1. Identify all residues within the stretch 84-102 that are open to solvent by 30 Å² or more (accessible area, probe 1.4 Å) and in a helix (DSSP H, G or I); write none if there are none.
2. Looking at the stretch 63-73, can you tell me whether even one residue there is of a type in the set (S, T, N, Q), assigned to a loop (DSSP other than H, G, I, E, B), in contact with a helix residue (DSSP H, G or I) (Cβ under 7 Å, 6 or more places away or on another chain) and under 30 Å from T178 (Cα atoms)?
3. Checking N50 against (1) crowded, with 19+ Cβ neighbours inside 10 Å; (2) not in a loop (DSSP other than H, G, I, E, B), which test does it fail?
4. Just to be sure I understand, how many residues within the stretch 31-47 are outside any loop (DSSP other than H, G, I, E, B) and either in contact with a helix residue (DSSP H, G or I) (Cβ under 8 Å, 6 or more places away or on another chain) or of a type outside the set (D, E) (or both)?
Amino acid sequence: MLFSEFVNIMYKYCGKDYKPHEYFLLLFDTIMKDPETEDEKQKAEEDSYNPFSDLKPDTLDRLFHGTNPLNPKRVRAARTLSNTVKFAAYINDLSWDAQCAINDAFQRQIPDFNSEDNLGYACADLFLQIMDDIYDNTETLSFVTGTQPPVSAGKSTPLPATSVYYDAQDGKIHIGNTEIAIPKELEPPD
């Protein structure tokens, strides 16, 4: 699953009180442990504990929407400070409706998501897996269509390169059975 897919699902059901760049920072603040050492506390006071906090809102918006890739070193810095319990508590404190909607949205893309019936930890594990995939450069797109093979452990099955192509007639990128419309200004020249 791509980070942008993850963050957009989360935002849809529990981030509406925030602008996208604010929610981006909130998610990373929430997956990271609270500052403990003097150095960490100093960084928190200087607003540099979160490795993304020095980025401008428009840059964070692009990271949120997936139009810019996340820097693997920044992701790794956040990952090394991760706190699964803290993130699980954040998810489990959401309204029941939000929790059900998040669970359903993730299960549509990852059928075995939350198989242990603990949404908070399932979301935390998925977020950590996405962070690891970004750092390892193995992040992959999820597929919502029923014709894709089932995914396991939060990973999607890679597609052969021949099933990914741009069709100039319909102006869409085709990835397996998924179609993505391309704005006219981004279409490749003939």
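The values are calculated or read from the model by the stated rules, or taken from the named source; none is laboratory data. Remember, it's a predicted structure, so these values are computed and weren't measured experimentally. All Cβ positions, even for glycine, are placed from backbone atoms using ideal geometry, and neighbour counts span all protein chains on display. These accessible areas exclude ligands, DNA and RNA; they are computed on the full protein's heavy atoms, side chains included. Shrake-Rupley method; radii C 1.70, N 1.55, O 1.52, S 1.80 Å.
1. Our first condition is that a residue be open to solvent by 30 Å² or more (accessible area, probe 1.4 Å); within the stretch 84-102, this holds for 84-86, 89-90, 92-97, 100.
Across the stretch 84-102, the qualifying residues are T84, V85, K86, A89, Y90, N92, W96, D97, C100.
2. Narrowing the stretch 63-73 to residues of a type in the set (S, T, N, Q): 67-68, 71.
Going one step further and asking which of them are assigned to a loop (DSSP other than H, G, I, E, B), we end up with 67-68, 71.
Narrowing further to those that are in contact with a helix residue (DSSP H, G or I) (Cβ under 7 Å, 6 or more places away or on another chain): 68.
Adding the requirement that they be under 30 Å from T178 (Cα atoms) leaves 68.
Among the residues of the stretch 63-73, at least one is of a type in the set (S, T, N, Q), assigned to a loop (DSSP other than H, G, I, E, B), in contact with a helix residue (DSSP H, G or I) (Cβ under 7 Å, 6 or more places away or on another chain) and under 30 Å from T178 (Cα atoms), which makes the answer yes.
3. (2)
4. Of the stretch 31-47, the ones outside any loop (DSSP other than H, G, I, E, B) are 31-32, 38-45.
Remaining after also requiring either in contact with a helix residue (DSSP H, G or I) (Cβ under 8 Å, 6 or more places away or on another chain) or of a type outside the set (D, E) (or both): 31-32, 41-44.
So the count comes out to 6.
Each row is one residue, and each column tells you yes or no for (1) open to solvent by less than 40 Å² (accessible area, probe 1.4 Å); (2) of a type in the set (S, T, Y); (3) part of a helix (DSSP H, G or I).
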site: S4; (1), (2), (3): yes, yes, yes
site: Y18; (1), (2), (3): no, yes, no
site: H21; (1), (2), (3): yes, no, yes
site: D29; (1), (2), (3): no, no, yes
site: D61; (1), (2), (3): no, no, yes
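Here's the yes/no breakdown for (1) at pLDDT below 95; (2) touching a helix residue (DSSP H, G or I) at 6+ places or on another chain (Cβ under 6 Å); (3) over 24 Å from T30 (Cβ atoms); (4) open to solvent by 60 Å² or more (accessible area, probe 1.4 Å):
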| position | (1), (2), (3), (4) |
| --- | --- |
| R108 | yes, no, no, yes |
| P111 | yes, no, yes, yes |
| D117 | yes, no, no, yes |
| N137 | yes, no, yes, yes |
| G146 | yes, no, yes, yes |
| V151 | yes, no, yes, no |
| S156 | yes, no, yes, no |
| T162 | yes, no, yes, yes |
